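Here is the structure we will look at, set down as structure tokens.
The values are calculated or read from the model by the stated rules, or taken from the named source; none is laboratory data. Model, not experiment: these values are computed from the prediction. Neighbour counts run over all protein chains shown; Cβ positions are idealised from the backbone, glycine included. Surface areas here come from the heavy atoms of the whole protein model, side chains and all, with no ligands, DNA or RNA. Shrake-Rupley method; radii C 1.70, N 1.55, O 1.52, S 1.80 Å.
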Amino acid sequence: MNVYDSARMAEILAPLGYAPGDSPEDADMVILNTCHIREKASDKVYSELGRLRKIKAARAEEGQQTVIAVAGCVAQAEGEEMLRRAPYVDIVLGPQTYHRLPEMVARAHRASMAGDHAGVLLDTDFPIESKFDHLPPKRTESGVSAFLSIQEGCDKFCTFCVVPYTRGAEFSRPVAQIVAEAESLVAGGVRELTLLGQNVNAYHGLDAAGDEIGLGALARQLAGIDGLARIRYTTSHPRDVDDGLIAAHGEVEALMPYLHLPVQSGSDRILEAMNRGHDAESYLRTIDRLRAARPDLAFSCDFIVGFPGETDADFEATLDLIRTVEYAQAYSFKYSSRPGTPAAGMARQVPEDVKDERLARLQALLGEQMTAFNEASRGTSCEVLFERAGRHEGQLVGRSPYNQAVHVTAPGYAVGDMATVFIETCKTHSLGGVLPEDGRPVPDRHAEERLSA
Ligand code: 5AD
Ligand code: SF4
């Protein structure tokens with residue numbers, strides 16, 4: 001979502017004459033768009049700010065002004081402290097107020113022209129009116145695949161997580177606004193949309209009739225946009241997978257058979273302490289129901305190891321759950337204590353070396369599953385949407401429906417085209433394929449499952 005937000009900030013500043021630059025040394029303004037989710041991400045901000053301070057000073061010696069802005073969730077969470085720690089920062093703004101950037105930039109400039117430091121402008125409100133009502137219509141994008149924020153914030157309050165505090169309460173954009181943005185992106189050449197939200201399947205936006213609709217119904221509407229080939233969404237919560245979404249996975253062809261559905265832990269005790277609102281059993285049932293609707297659905301997941309109080313037995317339960325589901329992709333993290341969250345104050349914090357050891361074991365198992373998933377693609381065929389030119393002459397790189405990168409020698413094809421590709425080779429992070437014109441057979445990867453379903 002920070003990628004999406006950064007693009008929108010660039011758009012909103014364009015009318016003021018700003019364009020994205022290549023390096024901070026040449027920039028009149030630098031915006032750091034920050035992430036607060038784990039300590040490591042937060043720490044990066046201050047080391048980056050130290051670097052920018054030097055650049056700002058060097059530019060000042062040459063008579064050049066540099067406005068430094070810090071946006072995003074670290075700004076939201078630590079705004080006041082940031083002003084103390086880094087007084088050379090000019091603007092601090094949270095994720096829900098970046099539509100006010102032009103006004104703040106103008107004020108920072110005026111102050112600087114008058115020879116004052118702006119005294120730092122801080123805007124970390126949660127305005128009643130959504131920023132989306134104030135942002136200009138999204139300009140067209142040059143890529144084939146684009147992000148589209150449809151939902152923001154979260155009311156779930158998992159005990160480890162800062163999101164409800166930094167992004168604010170759950171909010172769904174109205175359907176018409178989303179459809180208009182999607183249409184404009186597709187008109188500009190986008191063929192794949194990834195719908196974004198911290199809790200994207202909690203989506204409950206209002207349609208033209210004033211009724212709330214869920215993510216499944218929204219996907220059906222978007223699938224009707226001529227020229228839009230693929231729809232993905234991230235990140236989902238197991239508790240918000242409803243019948244409408246499951247049915248959409250079975251029926252909406254554009255909805256890709258790849259779903260990021262974080263479970264965090266396989267231990268009911270830990271899930272309870274995390275306030276996840278589901279147990280391992282209900283998560284597995286949800287996976288079964290989704291697979292019944294769409295047998296070739298591939299799953300991706302997030303895991304946290306070393307949540308306070310996690311025992312060896314709890315950790316083993318997570319490994320068991322992984323063995324049951326068999327993931328195509330996964331992201332795993334050591335629990336990181338976040339100030340202000342309930343888990344930060346919990347007893348029995350897990351020592352760092354235990355976290356390290358568990359993370360290594362977890363990643364080894366997940367690594368095996370990811371490799372197995374990719375290996376299983378070899379000798380099958382799938383639709384690939386070409387996203388960019390490859391390194392070799394005539395080569396294009398695209399994505400399979402299961403979000404795997406696929407390198408294909410495809411002379412005569414262009415970025416944005418789709419082709420049925422026969423997968424021949426499998427590397428750690430990508431697949432290699434050939435076009436059927438090369439005289440290879442084109443077996444349908446999932447013909448059998450589809451028939452039996
Ligand atoms: N420590 C470690 N990982 C975290 N995540 C969120 N908060 C924390 C934390 N305090 C992980 C979760 C979430 C992903 C985006 O980041 O797994 O799904
Ligand atoms: Fe954070 Fe996701 Fe839990 Fe919301 S549902 S609190 S975003 S982990």
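Looking at Ala182, Ala229, Ala202, Ala223, just one residue is under 30 Å from Met274 (Cβ atoms) and either surrounded by 17 or more Cβ atoms within 10 Å (Cβ to Cβ) or in contact with a Cys (Cβ under 8 Å, 6 or more places away or on another chain) (or both), and that residue is Ala202.
Examine region 33-44 for a residue that is of a type in the set (D, E, K, R), part of a loop (DSSP other than H, G, I, E, B) and closer than 26 Å to Gly340 by Cα, and state whether such a residue exists. So far as region 33-44 goes, yes, one or more of its residues are of a type in the set (D, E, K, R), part of a loop (DSSP other than H, G, I, E, B) and closer than 26 Å to Gly340 by Cα.
Close Cβ contacts (under 7 Å, 6 or more residues apart or on different chains) running from residues in region 266-289 that are part of a helix (DSSP H, G or I) to residues that are among the aromatic types (Phe, Trp, Tyr) comprise Ile270/Phe307; Ala273/Phe307; Ile287/Phe299.
Taking (1) closer than 25 Å to Ile287 by Cα; (2) in contact with an Asp or Glu (Cβ under 9 Å, 6 or more places away or on another chain); (3) within 16 Å of ligand 2 (Cβ to nearest atom); (4) small (Gly, Ala, Ser) in turn, Gly168 satisfies each apart from (1). Suppose we keep only residues that are part of a loop (DSSP other than H, G, I, E, B) and away from ligand 2 (no atom under 16 Å from the Cβ) within region 319-343. Which one would you say is farthest from Phe299 (Cα to Cα)? Step by step, filter region 319-343, then rank; the result is Glu326. Hey, could you check region 253-265 for residues that are in a strand (DSSP E or B) and in contact (Cβ under 8 Å) with a residue 40 or more places away in the chain and say which is nearest to ligand 1 (Cβ to nearest atom)? Checking each candidate, the answer is Gln264. Consider Arg378 carefully, then state whether it is over 25 Å from the mean Cα position of the chain (by Cα) and more than 16 Å from ligand 1 (Cβ to nearest atom). It is true that Arg378 is over 25 Å from the mean Cα position of the chain (by Cα) and more than 16 Å from ligand 1 (Cβ to nearest atom).
Inspection of region 60-75 identifies at least one residue that is crowded, with 17+ Cβ neighbours inside 10 Å, of a type in the set (Gly, Ala, Ser) and more than 23 Å from Glu170 (Cα to Cα). Taken together, the residues in region 155-174 that are open to solvent by 20 Å² or more (accessible area, probe 1.4 Å) and of a type in the set (Lys, Arg) amount to 1.
If the condition is being surrounded by 15 or more Cβ atoms within 10 Å (Cβ to Cβ), in a helix (DSSP H, G or I) and not charged (D, E, K, R), then region 296-318 contributes Phe315, Ala317, Thr318.
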